[in-house]
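Worksheet for the structure shown next.
Laboratory data are not the source of any read-out in this text; all were calculated from the coordinates shown. Only a predicted model underlies this, so the values are computations on that prediction, with no experimental measurement involved. Because the Cβ atoms are built from the backbone with ideal geometry, glycine has one as well, and the counts that use them run over all protein chains shown.
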Amino acid sequence: MSHLYVAVLVVIVVGLLAVALYRASQVKTKADYLVAGRSLPAIVLVLTLLTSWIGAGSLFAGAENAYKNGFAALWQPAGGWLALLLIYFIAPRARKFAQFTLPDLLEVRYNQTARVLGTIAILFAYVGITSYQFKGGGDVLHLIFPDTVTAELGTYLIAAFVIVTTALAGMSSVAYMDVAIGSLVTVICVIAAPYLFLQAGGWSGLHAVLPPEYFQVLGNYRMSPDHVRQSAGMGIIRALEFMVPTLLLMLGNQVMYQKFFSAKSEKDARLSVVGWTLGTLVLETLIVSIAVFGRALYPTGEVALHPREIIPYTARHGLPAVLGAVLLGAVFAKVISTASNYLFSPATNLVNDVFVRYIAPGASNKRVLIVSRLAVVLLGCWALYQAVYAESILQKMLWAYTIYSAALTPVVLAAFYSKRVTAWGAVAAIGSGTVVTLAWDVPQVKALFPHILADRDAIFPALFVAVAAMIVVSLVTKPPAADQLAQFAE
């Protein structure tokens, strides 16, 4: 059986490397590297958006959530589903704007300070997201080769592969690798979920072995950390702490905007959102379901100690050999894809928003490509460092989502939908949202407010402070000029 898993992984790795090498041969200019020459059709956009969005956050953090809380874990992806309803209207506006990075948008609509602060917030958030992709990939390799590859060694191997393939061809490599990976993952999850459902005994079998809370809307979210008290209010707050960061990250997601900037046309950008919405609804629901079915099949043992591993563990032990090998390979490929997306995105910020903007404005395409690849390597090493020392993928995910959600999403939405938010209002929002999130987990800060900060995530305080700062400062500063607003109109 181990030979089968090795064969599947070899096919996936060779295939992804071949795509990266071919697309690298097509890269000649800065636009080719950063936004794939603005040539991506709708079908490629659908698959690359779907694949970049659903990675270790869903396959490991979301699965851990489902293992512990049952179908209530759907609150987490539900934030993305709500966001996609708004993104349908944002996508053509973003393609019309057609720049390279989100800080480009921040400078045009606000000012240079907003651009710099936005770049800092993106670096913290996206390198954090990349780090837990590395960690999730390391878990997969350890499950496949338990006697030869430790989880830590697997993390190093995944990081090395992602850094190399991402550095080769940039957005072109990322997008076309996603086409193959997105197709593979969707098909295999559609096959595996009903098989595991039957293995678990159908609905009657699930109800017989799982706690009743696993089938309730709020699940275990109603319970206090000590499981002594429970209330609907507590459950709703906890559910929203999963849903709101996901919703706001999706709405302001630079990876998404870069892909809209890469679209062939505004029509392709809008059409891609329709396919992305359908794919996300189906795939996120299947992932949560597979994790719940796995919890019914494997309630104890090694996976109970590391519930984030429930999907690859179930693939390894609960499916026929070929099906399990393909699902495990698909999880492996999905982690690689999402890591590539979130590693590449902040690298474009360093290149476009720092190097080209401030250090070498007249740099040649060749020099920009060299610096771009170096940026990928440096940020990949930073993400690897975080991956080695991070304990919980779920907590790391919420932390990264919160920085982005509080600091950037309000000002990005205001750029498209508000004529009154000013440059300094945006600066105040980005700065305050970032500071509150970073300070929330500092031990000295927690010690000052132990009863308030102990068991709560930072999303609502950070979001409240950021939005309040944006509104108050905008009201006391001069409204934006007409030329600042022109590019963001319908």
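Look at SER131, SER418, SER265 and count the other Cβ atoms within 10 Å of each Cβ; fewest to most, that gives SER265, SER418, SER131. Among SER52, SER432, a tally of other beta-carbon atoms within 10 Å of each Cβ gives an order, fewest to most, of SER432, SER52. Couplings 3J(HN,Hα) of the range 341-356, computed from phi: 4, 7, 7, 5, 4, x, 5, 5, 5, 4, 6, 6, 9, 10, 5, 5 Hz, in residue order, whole Hz [Karplus 6.51 cos²θ - 1.76 cosθ + 1.60, θ = phi - 60°; x for Gly and Pro]. Rg and Dmax of the range 270-416, both derived from C-alpha coordinates alone, stand at 19.8, 60 Å. So if the hydrodynamic radius of the range 331-405 is defined as the Kirkwood radius over C-alpha pairs, what does Stokes-Einstein give as its diffusion coefficient at 20 °C and 1.002 mPa s, in µm² per second? So the translational diffusion coefficient is about 154 µm²/s. Taking a 20 Å limit on the Cα-Cα distance, which of the listed pairs LYS334/LYS396; LYS259/LYS334; LYS135/LYS259; LYS259/LYS366; LYS419/LYS478 fall beyond it? Beyond 20 Å between Cα atoms: LYS135/LYS259; LYS259/LYS366. By the count of other C-beta atoms within 10 Å, a proxy for reagent exposure, MET243, MET250 are ordered fewest to most as MET243, MET250.
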